Amino acid sequence: VLDIAFAPDGQRVATAGRVVQVWDLITRERSLPALARHAMAVWCVTFSPDGRFLVSGSEDKTAIIWHAETGAKHVTLAQHAHIVRAVQFSPDSTLVATGSWDETVRIWDAATGACMHILRGHSAVISCTIFTPDGLQLASYGQDGKIWTWDARRGRAAGPPWLGSSREMQTLAYSPNGKWMATGDWGATVQLLETRTGRVAAELALAPHTPIFRVAFSPDGRTVAVASQLPKILIFSEPDQFN
C-alpha cells in the first residue's frame, strides 16, 4: 500500500497500490470493486472534501477522478510527462492539484478535467501539494528542497520559494487559519513555518534516522500531531514546544 485516505464521513478509506481499493471501516470489507483503470501502480489517492469523488495518481502519468459512491470513472487527467506523485482537491472540491516527477504542478477543473494552469518553478520531483484552507493558494514541495506557494486561481507564483528542510519532505499541513504550515521530512525534523514570510518559527528534531510520514493540525490549530517511524504518535499542544 503506497497511500491511504479517509473519506470525509470517516466511514471508508481508500488505498493506493496496484489498484485503488475502497474499504468500509465497519464491515472491514471492500465497499466497491477494485478501481483498476490505471495501467500501472497507483502512488497516491485522496477524497474530495464533499465526499462525492476521489482522485488517484499513477505511475502511468495520469490521475483519475472517480465517483466515490459507484466507483465509476469520472474523468482522466492526462497531461503529465511522468509519474503523478501527489494529488489534492481544493477545499470546495472544484479543483484538483497534481504534482509529478516531470517537475510541474497542474491545476485541473474537477468537473470537466480541463487543465487550467501549469505551474513551473521546481527543478526536481514534486512530492507534496496542498491547498490553503480558503482554497486561494496552493503549496508544493519538490525534492529540490523548495516550497513554492501559488495563486490557485491565477496560476502563478504567490511569491519567491521558501527553502525547506535539507532532507526530503514527506508531508505538509496548513493550520486551519492558514497562518502556519507544518512540515515533516525523512530526516526526523518537524518545522513550523509562518506562511506570510516562510520564516521557520520553530523546529523539532526527533530521534536520528526517524522518517516522518504525516503531520496534521487539530481543528482549533493549537495542536500538531506527528506520525513517524517511532511506535507512537507525538502530540504538541503549543507551537513553542517546537523550540
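The values are calculated or read from the model by the stated rules, or taken from the named source; none is laboratory data. Keep in mind the model is a prediction, meaning the values are calculated, not measured. Using ideal geometry, Cβ is built from the backbone for each residue, glycine included, and neighbour counts are taken over all protein chains shown.
The table that follows gives values for the structure above.
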| quantity | calculated |
| --- | --- |
| Residue list for region 148-157, filter: buried (at least 22 other Cβ atoms within 10 Å of the Cβ) and either of a type in the set (Gly, Ala, Ser) or not in a strand (DSSP E or B) (or both) | 152 |
| Residues that are farther than 24 Å from residue 60 by Cα and either of a type in the set (Lys, Arg) or surrounded by fewer than 17 Cβ atoms within 10 Å (Cβ to Cβ) (or both), drawn from region 7-22 | 8, 9, 10, 11, 12 |
| Residue check, residue 160 part of a loop (DSSP other than H, G, I, E, B), modelled with pLDDT of 90 or more and over 19 Å from residue 87 (Cα atoms) | yes |
| Members of region 43-102 that are in a loop (DSSP other than H, G, I, E, B) and aliphatic (A, V, I, L, M) | 68, 72, 78, 81, 83 |
| Restricting region 89-112 to residues that are of a type in the set (S, T, N, Q) and within 16 Å of residue 146 (Cβ to Cβ), the residue that is surrounded by the fewest Cβ atoms within 10 Å (Cβ to Cβ) | 104 |
| First in region 220-235 and outside any strand (DSSP E or B), second anywhere and of a type in the set (Ser, Thr, Tyr), Cβ under 7 Å, 6 or more apart | 221/175; 222/237; 223/237; 229/210; 230/210 |
| Extreme residue, farthest from residue 125 (Cα to Cα), among residues of region 49-85 that are crowded, with 23+ Cβ neighbours inside 10 Å and polar (S, T, N, Q) | 56 |
| Check on residue 192, outside the structural domain of residue 120 (by TED's automatic domain parsing) and more than 30 Å from residue 116 (Cα to Cα) | yes |
| Where residue 177 falls short, out of the listed (1) of a type outside the set (Asp, Glu); (2) in contact with a strand residue (DSSP E or B) (Cβ under 6 Å, 6 or more places away or on another chain); (3) under 19 Å from residue 129 (Cα atoms) | (2) |
| Cβ pairs under 8 Å, 6+ apart, first in region 15-43 and in contact (Cβ under 8 Å) with a residue 60 or more places away in the chain and not assigned by TED's automatic domain parsing to the domain that holds residue 58, second of a type outside the set (Ser, Thr, Tyr) and in a loop (DSSP other than H, G, I, E, B) | none |
| Selection status of residue 115, at pLDDT 90 or above, within 24 Å of residue 61 (Cα to Cα) and surrounded by fewer than 18 Cβ atoms within 10 Å (Cβ to Cβ) | yes |
| Cβ-Cβ under 6 Å pairs, at least 6 apart or on other chains, region 94-120 side acidic (Asp, Glu), far side surrounded by fewer than 19 Cβ atoms within 10 Å (Cβ to Cβ) | 102/81; 102/82; 109/116 |
| Subset of region 130-147 [assigned to a strand (DSSP E or B), at pLDDT 95 or above and touching a Gly at 6+ places or on another chain (Cβ under 9 Å)] | 137, 140 |
